[in-house]
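Please read the structure below before turning to the comments.
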Amino acid sequence: MQEGVNDMGQNNLTALADAIESKPLSDAATETAIRTAIKNFTPGADQLGDFSNTDDVLHMIGQVLPDWSVSMTGKAHEPDGHWTCTLRESSWRDSDAVIGIGRGPLPHQALTAALLRVIALQSA
């Protein structure tokens, strides 16, 4: 557990993930809160990229949770593909202590929400 994440609180991280799932990431305050949470969890993650870019979010997940499995399901349908992302340490079912699940109309939102939920669960 990182001290900065504890200061932010598990409930705040979960609320932030909920907000990301329900609206676009165009809000500067939301993006700042995401960056702060990730930097507190992984102090070495300085180049976090663009949260509205799926490739950048996948790169961030690789920095924060190296070797974790990423699973995505959804429909290639604009404007709402109903995407779901699952992050887990292994690809085996029911063997992980922490599993992050995120949902969103766009893949980058589902990925970001799942990452924040992992951080929240690991800080508990």
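Under a Cβ-Cβ cut-off of 10 Å, what is the net charge of the residues other than H82 that fall near it, where Lys and Arg count +1 and Asp and Glu count -1?
+1
What list of ³J(HN,Hα) values in whole Hz, one per residue of region 62-69 in order, does the Karplus curve 6.51 cos²θ - 1.76 cosθ + 1.60 (θ = phi - 60°) give from phi, with Gly and Pro shown as x?
x, 6, 7, 10, x, 6, 6, 7
Taken together, the values in this text are just the output of simple stated rules run on the coordinates, not laboratory data. Since the model is a prediction, treat every value here as computed from it, not as a measurement. Note that each Cβ is placed from the backbone with ideal geometry, even for glycine, and that neighbours are counted across all protein chains shown.
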